[in-house]
1. With the dipole of the chain worked out from charges on the C-beta (+1 for Lys and Arg, -1 for Asp and Glu) around the Cα centre, which of A324, V410, T100 lies farthest toward the positive end?
2. Would you work out the charge dipole size for the stretch 373-477 about its Cα centre, treating the Cβ of every Lys and Arg as +1 and the Cβ of every Asp and Glu as -1, and quote it to the nearest 20 debye?
3. Kindly write out, for the stretch 299-314 in residue order, the coupling ³J(HN,Hα) from the Karplus curve 6.51 cos²θ - 1.76 cosθ + 1.60 (θ = phi - 60°), rounded to whole Hz, with x marking Gly and Pro.
4. Run the dipole for the chain about the Cα centre, Lys and Arg Cβ at +1, Asp and Glu Cβ at -1, nothing else charged, and hand back the magnitude in debye, nearest 20.
5. Which entries in K277/K381; K28/K277; K191/K277; K126/K283 show an alpha-carbon gap greater than 24 Å?
6. What distance in nm separates the two pseudo spin-label positions at L226 and A168, each 7 Å out from Cα along the beta-carbon direction?
7. Assign unit charges at the C-beta atoms only (+1 for Lys and Arg, -1 for Asp and Glu), then state the dipole size of the stretch 92-359 relative to its Cα centre in Debye, rounded to the nearest 20.
8. How do H296, H81 line up, fewest other C-beta atoms within 10 Å first?
Amino acid sequence: MADPLAERALAVEAFRRAAASAEDYLAKIDQEPVRPEGADAAAMRLGARFPDDGDGALAAIAELVAASDGALRASGPRFFHWVVGGGTPAALAADVLTSTWDQISSAWDSSPIGTRCEELALDWLKQLFRLPAEWGGVLTTGATMANFTALAAARTWWGRRHDVDVDAHGLAGLPAVPVLSSGYIHPSATKALAMLGIGRESVRRFQRDDVGRLDLAALNDALQELRGAPAIIVGNAGEVNAGDFDPIDALADLAERYGAWLHVDGAFGIFARATPKAEHLAKGVERAQSVIGDSHKWLNVPYDSGFAFVRDASLLSSAFAIGAAYLPKPGEHPMFAAMGPEASRRARGIAVWATLRAYGRNGYRAMVERHLALAQHLARKVDEAPDLERLADVPLNIVCFRYRPEHARVEELDALNLRVGAELLRDGRVYAGTTRYRGMTAFRPAIVNWRSTEADVELLVDVVREVGSRLGAIAAV
Ligand SMILES: Cc1ncc(COP(=O)(O)O)c(C=O)c1O
């Protein structure tokens, strides 16, 4: 029978074996396909039988290492599916220390370094995005929980406007919370609204076309019809299909005019504010009541990591208060467990601090600018290819296009692109999935990984065309 106590002396060796495998992984990541051959089989190789008697850490790690092809090279340079960053060298190394130190980053008493890193990380992120220094903030597991956190603060504010402490008494007896957005609202925001008891279906979308672009005049009319009743506006800084933005400044004007709460989902789009080349896209975010973003996307910190900022920090403390005789109280330093959803918390601030400390404002500015240039390069390659059709402008880091060979009938294109998309993921050299855009099936590669180069985006073009022509030829037979 294996017992961790009997393995005390093996802890360092187990760590070394994991580190050796990680070293091997990192050495090859720039060359390897995103989906290693046999990825599914490798993952399924893990034994399913729950052992009565385990055979110890070294055997467990050996089995895991043997199955490591089950790990997609998602932190590598050619994973353009969803919006997936990698881990910078500083963030990755700091994350290893975070696991080793195993801090409960709830309060200063439980982790001075975790709390200090989180304080600094939040402060520096505000500087990176040029947000007011006095705003409150907290790190979260990602943008979904950051949306939840910021919208919880909005709910507290909304309850106060109705003279009710909803954190104490709940929403019972109150009218429905009006939530207004464009067609760009991300499902993570509606999921957050569901978790908050406001309801997924509460959102009214004001859009002027099938892409989802904001109908500002209709939103204005809806706010006017509310006759001063408090409402929450969700602005979207960076939507997932083409990287487009709601006009945040105009939304801030409406929020001011009607006394509404403006929340901005900037999961990746907030990084537009890291460079003068794109900051105009996210102008006005500094006028919002809350804004959120992801660190595991464009900051390139390992999963999972996000952040929420709220203008009035006291609202976070109301929504997320937690107290018991045995727990610490907020003191000189913030007690982050009382400002966000989790009580026990991973010290996510360590990796965020490390990467900001390592690369600074100019390092991030350079990386974001490199990605903007890569997106333009990809757009040019798409435009030059006779069998590819670009479907949207490229304001940021996402290029929306579809495979469209000359001979194909328009009504066949959706099915063909779906097949190309599925084959692309199976082929595995480069990863990009499909979406629906303006009623069409399309690819929407997003460039956020610090390792990506021109050769990587060119490979995407080549593989889509190669797979497309192969599948198109089969269909034509
Ligand atoms: C605009 C936007 N908001 C929210 C999310 C959800 O982020 P997460 O998966 O980190 O919770 C995403 C994810 O891609 C996103 O693009």
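1. V410
2. Numbers: 15 positive and 16 negative charges, 60 e Å.
Dipole about the Cα centre, nearest 20: 280 debye.
3. These are the phi-based 3J(HN,Hα) values: 6, 6, 10, x, 4, 10, 6, x, 8, 10, 10, 10, 3, 9, 4, 5 Hz.
4. Numbers: 52 positive and 61 negative charges, 141 e Å.
The calculation lands at about 680 debye.
5. K28/K277; K191/K277
6. Distance between label points: 2.5 nm.
7. Details: 25 positive and 30 negative charges, 14 e Å.
The dipole of the stretch 92-359 has a size of about 60 debye.
8. H81, H296
None of the figures in this text is laboratory data; all of them are computed from the coordinates on show. This structure is a prediction, so every number in the text was calculated from the model and none was measured. Cβ coordinates were reconstructed from backbone atoms using ideal geometry, including for glycine residues, and neighbour counts include every protein chain displayed.
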